[in-house]
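Asks: Here's a structure for you.
The values are calculated or read from the model by the stated rules, or taken from the named source; none is laboratory data. Worth saying up front: this structure is predicted, and the values here are computed from it rather than measured. Here Cβ is always computed from backbone atoms with ideal geometry, including for glycine, and neighbour counts include all displayed protein chains.
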There are 2 protein chains.
Amino acid sequence: MIGMKASEMSRRHGELCPLDTTLKILDGKWKSIILCRLMKHEFRYTELLRTLPGCTRRMLSLQLSQLENDRIIVKQTDTSYVPVKTSYRLTPAGRSLVPIVLAMNKWGATYLERLIPVEAK
Amino acid sequence: MIGMKASEMSRRHGELCPLDTTLKILDGKWKSIILCRLMKHEFRYTELLRTLPGCTRRMLSLQLSQLENDRIIVKQTDTSYVPVKTSYRLTPAGRSLVPIVLAMNKWGATYLERLIPVEAK
DNA sequence: CCGCATCCGTGCGGATACTG
DNA sequence: CAGTATCCGCACGGATGCGG
């Protein structure tokens, strides 16, 4: 089950569930925030790393390669430089996910606001 | 970190991230499908269990109690019966999540369709 | 009918060191 | 600069049994 694509993972309930496919794609400690970065513009690897305090190179590589396997982002490697320059940007599929990510972010913000009075009592 | 509410969990990147709050609420093997069931109508515990092939009582209880802690669903207990009758339904917060769940489901379906030609080659 | 307690395997993510 | 390799702790979820 390791290294499997999200599209192959969503048969957990017997049938293939599109909702779980989407959730699986977003599942990973740094994926959501990486998508938030990449929806602004493309990023270099180290540049991206610097915007993610607490994220190790290992984790960044893992999350990026999973997003790449799921065709949400693409890596571009420019070998005409030494050391090599790589950059990451959203694919069409990745861009089509942006409105949903924004909707989830907005829902979460409202949820947290509404929750404060409940938590405080 | 165990038994923590989703609202308390989303500080992983230092700042509180509403997007991660939303993802955390949906994070759990059976939560998405439970929400799919409860958006139709309320369910009894065992009735719900029968619609989730492969889900154990332990897992159903776990997922339900987490959704309850996050104020997405409410449990109603009718003690006038023996054995006790319990049922679960969406809260206002839970109902407000439905459009997003539907959007994710739709996005996932389109994603899987588009992927088939890519995977096949 | 509706759970909770316990034990346990597996995989995620942290820490650290190494490389083209 | 942009990764990979290895080791490891811990939480998630499966299996099973008990209880109000």
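Asks: Taking the residues in region A:70-102 that are outside any strand (DSSP E or B) and among the basic types (Lys, Arg) as candidates, determine which candidate is nearest to the other protein chains (Cβ to nearest Cβ).
Replies: Taking region A:70-102 first, the residues outside any strand (DSSP E or B) are A:70-72, A:79-84, A:91-102.
If we keep only those that are among the basic types (Lys, Arg) as well, we get A:71, A:95.
On the way: A:Arg71: 7, A:Arg95: 12 Å.
Of everything passing the filter in region A:70-102, A:Arg71 is nearest to the other protein chains (Cβ to nearest Cβ).
Asks: List pairs: first residue in region B:54-67 and under 17 Å from B:Cys36 (Cα atoms), second residue within 7 Å of DNA strand D (Cβ to nearest atom) anywhere in the structure, Cβ distance under 6 angstrom, at least six positions apart or on different chains.
Replies: Taking only residues 6 or more apart or on different chains, the pairs are B:Gln63/B:Gly28.
Asks: Tally time: how many residues in region A:67-121 are within 30 Å of A:Lys5 (Cα to Cα) and hydroxyl-bearing (Ser, Thr, Tyr)?
Replies: Residues in region A:67-121 being within 30 Å of A:Lys5 (Cα to Cα) and hydroxyl-bearing (Ser, Thr, Tyr): 7 in total.
Asks: With (1) among the β-branched types (Val, Ile, Thr); (2) surrounded by 15 or more Cβ atoms within 10 Å (Cβ to Cβ); (3) facing chain B (nearest Cβ under 9 Å) as the list, and A:Thr110 as the residue in question, which single condition is left unmet?
Replies: (2)
Asks: To continue, here is another question. Which condition does B:Lys24 not pass, out of (1) within 12 Å of DNA strand C (Cβ to nearest atom); (2) of a type outside the set (A, V, I, L, M); (3) in contact (Cβ under 8 Å) with a residue 24 or more places away in the chain; (4) surrounded by 15 or more Cβ atoms within 10 Å (Cβ to Cβ), if it passes all the others?
Replies: Of (1) within 12 Å of DNA strand C (Cβ to nearest atom); (2) of a type outside the set (A, V, I, L, M); (3) in contact (Cβ under 8 Å) with a residue 24 or more places away in the chain; (4) surrounded by 15 or more Cβ atoms within 10 Å (Cβ to Cβ), only one is false for B:Lys24: (3).
Asks: So how many residues does region B:29-82 have that are of a type outside the set (A, V, I, L, M, F, W, C) and either under 23 Å from A:Arg114 (Cα atoms) or more than 12 Å from DNA strand D (Cβ to nearest atom) (or both)?
Replies: Qualifying residue count, region B:29-82: 21.
Asks: Give, as residue ranges, the helices (runs of 4 or more DSSP H) completely inside region A:1-69 that count at least 2 residues that are facing chain B (nearest Cβ under 10 Å) and modelled with pLDDT of 95 or more.
Replies: The helices (runs of 4 or more DSSP H) meeting that bar are A:18-26, A:31-38.
Asks: Sort through A:Val82, A:Val98, A:Val74 and tell me the only one that's within 14 Å of the chain's Cα centre (by Cα) and over 21 Å from B:Leu23 (Cβ atoms).
Replies: Unique residue meeting the criteria: A:Val74.
Asks: Let me ask something else about it. Of the residues that sit in region A:51-99 and are more than 16 Å from DNA strand C (Cβ to nearest atom) and basic (Lys, Arg), which one is surrounded by the fewest Cβ atoms within 10 Å (Cβ to Cβ)?
Replies: Among those that are more than 16 Å from DNA strand C (Cβ to nearest atom) and basic (Lys, Arg), it is A:Arg95.
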